[in-house]
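Right, one structure below, let's go through it.
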Amino acid sequence: MKREKNIRILPLLPLRGLLVFPKMILHFDVGRDKSIEALEEAMVADEKILLVAQKDARVDFPVPEDIYATGTVAKIKQLLKMPGDTIRVMVEGLNRALIEEYIKTEPFFKVRVTEIFEHDMEIGPEEEALMRSTMNLFENYVELNHKVSPEALISIGNIKNPGRFADAVASHLNLKIEDKQKILETVDVKERLRILFEILTREIEILELEKKINNRVKKQLEKSQKEFYLREQIKAIQQELGEQDEKTQEANEYRKKIKALNLPDELEQKVLKEVERLERTPPVSAEVAVIRNYLDWIVALPWNNFTEDVLDVKSAQKVLDEGHYGLEKVKERILEFLAVRKLAGAMKSPILCLVGPPGVGKTSLARSIAKAMGRKFVRVSLGGGLGMKLRSAGTGERMLERFPAG
């Protein structure tokens, strides 16, 4: 392919997240003052302007270092003023151009460029092979990516110029600016086709993987939706017939009891999920007993039932002295604990832990504290030992507990 070069001076318009290839027609909106100035300068001259992509689209006020060195000389086809001081411009890409020098940067960018012209010449076997292979890949890409119209295949298939063919294919790909810029910067046509072939191969692999993931997710959703629909149908039929199997009846009973407890939302959702597990689990499974025991335990707890603490230190001392001889340090620590609770009000407090061998008075001390505070005394077996809890029923707040030894 024969190439010619031409040195010329042009206004420059930096593009954000957009790149224009030669022979490509597109429109975009311009709103930055510098860009509008560059458009006006181009219209006064010969309607030619250099379009170059920014390295980072987030930069609002780019400097030369923020702009790529290779762009496209374009002809301005149409300007249309839009609301909000923006201009919609239609351009046609003409030729590649390499920036040689920034002549000025204010009030707009003006640069000296080397414009590269490409002319048709005979296509060799290597170019023909690369074009055919790339076209096959592009057809696969269009099948996988529904954003590209099938008409693009027909128009690109009729292009005989290898360089223009590569640019046309690249313009229809949903690529990062870095990848498109790499193709634009490659002047050698064979190398441009090779790079395009590699990029297309990579993109097709990604699209195939995306399709596989989407199909898997879709199947899972369809399966769950189908199961839900069938369950609802079974429920509706059973209601119409006035029949329900034992598992459904049991699950509905649990749901009624749980709703009546007025549990916190997060806890209620968790417990209802366990009910669903119970409903789905086969009756012969050993897990059924575990889930049922858990639900029975939740339902049996005295949710939202409270007793009011009696924090009278003198009365507590009297109860402790009547029930226990000696143990002065232990009783003193318990009284200190009650005194702090009385002064602190609703603040959280540490948990007292009574440790010792059997028969030294741990259980009786706990019972005495419960009596002094007006709380119910509950003994709970924890593992191999005896656990004791004093609580204001339903609050879950532990005051005194003995843990298993070891």
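The values are calculated or read from the model by the stated rules, or taken from the named source; none is laboratory data. None of the values given here were measured: they were computed from a predicted structure. Using ideal geometry, Cβ is built from the backbone for each residue, glycine included, and neighbour counts are taken over all protein chains shown.
Any idea which of (1) within 41 Å of the chain's Cα centre (by Cα); (2) of a type outside the set (A, V, I, L, M); (3) loosely packed, with under 11 Cβ neighbours inside 10 Å is the one Y68 doesn't satisfy?
(3)
Mind checking whether some residue in region 184-199 is touching a residue at least 12 places away in the same chain (Cβ under 8 Å) and hydroxyl-bearing (S, T, Y)?
No, region 184-199 contains no residue that is touching a residue at least 12 places away in the same chain (Cβ under 8 Å) and hydroxyl-bearing (S, T, Y).
Does L200 satisfy the criteria of being among the hydrophobic types (A, V, I, L, M, F, W, C) and in contact with an Asp or Glu (Cβ under 8 Å, 6 or more places away or on another chain)?
no
Take K81 and tell me if it is modelled with pLDDT of 85 or more and touching an Asp or Glu at 6+ places or on another chain (Cβ under 8 Å).
When the stated conditions are applied, K81 does not pass them.
Identify all residues within region 56-93 that are touching a strand residue (DSSP E or B) at 6+ places or on another chain (Cβ under 8 Å) and more than 19 Å from V113 (Cα to Cα); write none if there are none.
K77, Q78, L79, L80, K81, M82, T86, I87, R88, V89, M90
Out of everything in region 114-141 that is at pLDDT 85 or above and aliphatic (A, V, I, L, M), what residue ends up being farthest from S171 (Cα to Cα)?
Checking each candidate, the answer is A129.
Inspect all residues belonging to region 156-177 and state whether any of them is more than 21 Å from A53 (Cβ to Cβ), of a type in the set (A, V, I, L, M, F, W, C) and in contact with a Ser or Thr (Cβ under 7 Å, 6 or more places away or on another chain).
No, the conditions are met nowhere in region 156-177.
Any residue in region 353-382 that's not assigned by TED's automatic domain parsing to the domain that holds G326: show its pairings with residues that are in a helix (DSSP H, G or I) and modelled with pLDDT of 75 or more at Cβ separation under 8 Å, as long as the two are six or more apart or on different chains.
That search, which allows pairs on different chains as well, returns nothing.
Go through region 169-197 and give me each residue that's in a helix (DSSP H, G or I) and either β-branched (V, I, T) or crowded, with 20+ Cβ neighbours inside 10 Å (or both).
V169, A170, S171, I177, K180, I183, L184, V189, R192, L193, I195, L196
I need every pair where a residue in region 269-297 that is in contact (Cβ under 8 Å) with a residue 24 or more places away in the chain has its Cβ under 7 Å from the Cβ of a residue that is part of a loop (DSSP other than H, G, I, E, B), sequence separation at least 6 or different chains.
Cβ pairs passing all conditions: V271/L263.
Return only the number of the condition from (1) assigned to a helix (DSSP H, G or I); (2) within 28 Å of D56 (Cβ to Cβ); (3) basic (K, R) that R132 does not satisfy.
That leaves (2) as the condition not met.
Could you count how many residues in region 379-406 are farther than 25 Å from G326 by Cα and at pLDDT 70 or above?
The total comes to 0.
Just checking, does region 105-114 include any residue being closer than 30 Å to I36 by Cα, in the same structural domain as I49 (by TED's automatic domain parsing), free of Cβ contacts under 8 Å to residues at least 60 places away in the same chain and in a strand (DSSP E or B)?
No, region 105-114 has no match at all.
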